Amino acid sequence: MLRRFGKTARPLRLGRRLLKNIFNFCGIAVPLFVASTLPLFAGAKAARNEEPPAATPEVRIPVGVLGYRPPGSLYLLSRMSFSSLDFVDSSHVLFTFHQSQLLHRAADATSSDDDEMIHAVVLAVPDGQVTATADWRMHDRSRYLWPLSEGRFLVRQRNSYFITDNSLQLHGLVASPTPVRTTEVSPDGHLLAVEREFERHTPEEHAKLEQESNRFGDTPPAEDTEIDLLNLDTRTVLKRMRVELPIVLPIAASGYLAVQQGKRADDYVMEYFLFSGNEVTLGTVASTCKPRETFLSATVLMIESCGPNNSDVFIDTWTTDGKKLWQGRRDGRAVWPTFAASRNGNRFAIGLLQVSHSIDLADSLIDSDVKRQLVQVFDTNTGTLLLTTYASPVLTAGQNFALSPEGDRLAVLRDGAIEIFRVPTVSPTTPSK
């Protein structure tokens, strides 16, 4: 049985000291875990064996007339971004999508570029009237848009970040001097984490290593990763850290979560580091895989863990001060989670691939394994399942569903239209305890 964590769990200071020489955070030791293949996300009881409750959209806005065409099979399991769907406010949605067209080579093109044109449209709800449009040229197929607070959005073009709103005009925010590796935004949209390449060698060392790699056909010399945590309201860097490899860093407006190995191989210690300088040891969780941590709101986080001899995923949901909220468990045939949260933090939505067989981290999927993409809405504080529907086409990078700022509406890209559902306030199903 998994040992769930709580306020009474023991802190492991020894493990923290062992990591002192590996990670450095402005001169302070910071325990962080190296990213690996994503563990599986857990849903509620309805995501296991029961037929989900029916949901009927109250609004349906066709998107073919906007120029949208569904992606080809290349995008099914690639996790490349093809489109995005977000609420601007309670009466407008922002829909962006890939447009197939020939592009002239950009003057600042690099050898790693994979350019595409993204068409952005703001649509009024419920009539679908277009209120603004724009075309953005992107230089790769990774995620390019994140919702922020107060109807704003973060847009990434290669190594530069911009802020936009319902006008779709791009306003410069910050540019990285080196290639960006990952981007994270806190659930409330106030904090940005940028992981970028950091040169660990002198120019002479790098030139020599690069020459050797070219000579023998090896990969370029490995570099460190530097992480900036940026307050998007004040545009100031709150913290800066350097690690050897890219990591998964769950963030909230007040701090970040760090995970380290416990005394046993299946023990992991969870600590929350506040930007004020304090830290909270939440406790330990036992898992046969590295747990996955996700902030559902500014104060609520979810831990997904693995049990022995079982493909199911176990969930523990807690507040950042260690209060237990609820537990759950999900069938191992619902995998590859993507998330969306309401801006008030009261509700969150999950996208899951329903596949034909259970998988673990060593397994791979093929197209025929994927049956459909499930979308569910939950109450953050209780884990109550409020709504279930499906998205199509299947997009493993997510962003094909969104919650309104108040969490009372769900928008889903489905069968050539944006469907908008009213999220009920009373749960037809509650998660298993």
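Note on the range 118-145: among residues that are more than 21 Å from ALA417 (Cα to Cα) and not polar (S, T, N, Q), the one that is surrounded by the fewest Cβ atoms within 10 Å (Cβ to Cβ) is ARG137. When you scan the range 357-372, do you find a residue that is at pLDDT 90 or above and buried (at least 22 other Cβ atoms within 10 Å of the Cβ), even just one? No, that holds for no residue.
A quick yes/no check of all residues on (1) among the polar types (S, T, N, Q); (2) open to solvent by 10 Å² or more (accessible area, probe 1.4 Å):
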| position | (1), (2) |
| --- | --- |
| VAL355 | no, no |
| THR380 | yes, no |
| ALA391 | no, no |
| SER404 | yes, no |
| ASP415 | no, yes |
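The single condition among (1) open to solvent by less than 10 Å² (accessible area, probe 1.4 Å); (2) not in a loop (DSSP other than H, G, I, E, B) that GLY332 does not satisfy is (2). Of the residues examined, GLN327 is one that is surrounded by fewer than 21 Cβ atoms within 10 Å (Cβ to Cβ), in contact (Cβ under 8 Å) with a residue 40 or more places away in the chain and in a strand (DSSP E or B).
Against the list (1) open to solvent by 50 Å² or more (accessible area, probe 1.4 Å); (2) under 27 Å from TYR75 (Cβ atoms); (3) at pLDDT 90 or above, the condition ARG422 fails is (2). Look at the range 159-204 and say how many of its residues are within 22 Å of ARG242 (Cβ to Cβ), within 20 Å of the chain's Cα centre (by Cα) and in a loop (DSSP other than H, G, I, E, B). Final tally of qualifying residues: 3. The single residue among GLY277, GLY283 that is open to solvent by 10 Å² or more (accessible area, probe 1.4 Å) and either modelled with pLDDT under 90 or among the aliphatic types (A, V, I, L, M) (or both) turns out to be GLY277. Taking the residues in the range 230-270 that are buried (at least 18 other Cβ atoms within 10 Å of the Cβ) and among the β-branched types (Val, Ile, Thr) as candidates, determine which candidate is nearest to THR320 (Cα to Cα). Here the answer is ILE251.
Could you check, for the range 310-326, whether at least one of its residues is touching a strand residue (DSSP E or B) at 6+ places or on another chain (Cβ under 9 Å) and more than 25 Å from ARG347 (Cα to Cα)? Scanning the range 310-326, I find no residue that is touching a strand residue (DSSP E or B) at 6+ places or on another chain (Cβ under 9 Å) and more than 25 Å from ARG347 (Cα to Cα), so the answer is no. Would it be correct to say that ARG343 is open to solvent by 20 Å² or more (accessible area, probe 1.4 Å), in contact with a helix residue (DSSP H, G or I) (Cβ under 9 Å, 6 or more places away or on another chain) and either among the basic types (Lys, Arg) or assigned to a strand (DSSP E or B) (or both)? Taking the combined requirement at face value, the residue does not satisfy it. If you go through the range 286-321 and keep only what is surrounded by fewer than 22 Cβ atoms within 10 Å (Cβ to Cβ), part of a loop (DSSP other than H, G, I, E, B) and over 18 Å from the mean Cα position of the chain (by Cα), you end up with THR288, CYS289, GLY307, PRO308, ASN309, ASN310, SER311, ASP312, THR320, ASP321.
Which residues, taken from the range 110-126, are in contact (Cβ under 8 Å) with a residue 12 or more places away in the chain and either among the charged types (D, E, K, R) or part of a loop (DSSP other than H, G, I, E, B) (or both)? The answer is THR110, SER112, ASP113, ASP114, ASP115, GLU116, VAL125, PRO126. Residues of the range 318-359 that are under 19 Å from VAL300 (Cα atoms), among the aliphatic types (A, V, I, L, M) and touching a Lys or Arg at 6+ places or on another chain (Cβ under 9 Å): ALA341 alone.
The values are calculated or read from the model by the stated rules, or taken from the named source; none is laboratory data. Model, not experiment: these values are computed from the prediction. Ideal geometry is used to build each Cβ from the backbone, glycine not excepted, and the neighbour counts take in all protein chains shown. Quick note on the areas: whole protein, heavy atoms, side chains included, nothing else; ligands and nucleic acids left out. Shrake-Rupley method; radii C 1.70, N 1.55, O 1.52, S 1.80 Å.
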